[in-house]
1. Considering only the other residues whose Cβ falls under 12 Å of the Cβ of residue 114, what net charge follows from Lys and Arg at +1 and Asp and Glu at -1?
2. Quick one: 3J(HN,Hα) in Hz for the stretch 113-119, Karplus 6.51/-1.76/1.60 with θ = phi - 60°, rounded, Gly and Pro as x.
3. Under the rule a/c < 1.5 gives rounded, and otherwise a/b versus b/c splits prolate from oblate, where does the stretch 29-94 land using the Cα gyration tensor?
4. Using the Karplus curve 6.51 cos²θ - 1.76 cosθ + 1.60 with θ = phi - 60°, what ³J(HN,Hα) values do you get for each residue of the stretch 36-50, in whole Hz, with x for Gly and Pro?
5. What are the ³J(HN,Hα) couplings of the stretch 55-60, residue after residue, when phi is run through the Karplus curve with 6.51, -1.76, 1.60 and θ = phi - 60°? Round to Hz, x for glycine and proline.
6. Net charge near residue 88: determine it from the other residues with C-beta under 14 Å of the C-beta of residue 88, scoring Lys and Arg +1 and Asp and Glu -1.
7. Given q = 0.23 Å⁻¹, what are the Debye log10 I(q)/I(0) values for the stretch 51-125, with equal point scatterers placed on the Cα positions and solvent ignored?
Amino acid sequence: MSTLWTPDGERPIPRADQPPAGGSGPEPPEPTDEELAAELAEARDQLARTPAEVVVANHAYGLWELAALHLSLEPPQLDQARTAIDALAALVEGMRGRLGEPEAQLVEALAQLRLVFVEIANEARPAGGGTPAG
């Protein structure tokens, strides 16, 4: 099993040919409409109790992961990575001073992504000095 580094630490990435963790026991019964409605209400209540800057920072981490994914592909998908990096930058730079405790980590993560993007783009550039593929 390999891992992916995120600002929150290493996350395991299971291989496609591995079964999901937890074994292969009997399938649980389908939830009823009432159970689903109760779960949805609980999720909404939990979200309402969570500070907005925490939710926004979580979405920013998702954009970071998306950019890192596209940069790690072979060949790297530079246009897709650029879109995710630009979205992360818009969020982090546009919300400067309002992202709470995770802000410094997000600023650093954005800077690292930009550096990696430039390195990969330079490696992908043809020897004749043309523009990078992507």
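1. -3
2. Residue by residue, the stretch 113-119 yields 4, 4, 5, 5, 4, 4, 4 Hz.
3. Taking the square roots of the gyration eigenvalues as a ≥ b ≥ c, the stretch 29-94 is oblate.
4. Result, rounded to whole Hz: 5, 5, 5, 5, 5, 4, 5, 5, 5, 5, 5, 4, 5, 7, 8.
5. These are the phi-based 3J(HN,Hα) values: 5, 5, 4, 4, 5, 4 Hz.
6. Cβ neighbours under 14 Å give a net charge of -2.
7. Log10 I(q)/I(0), no solvent term: -0.94.
All of the numbers you see were taken from the coordinates with simple rules; none came from a lab. Just so it is clear, the structure is predicted and the values come from calculations on it, not from any experiment. A quick note on method: Cβ atoms are made from the backbone with ideal geometry, for glycine too, and the neighbour counts reach across all protein chains shown.
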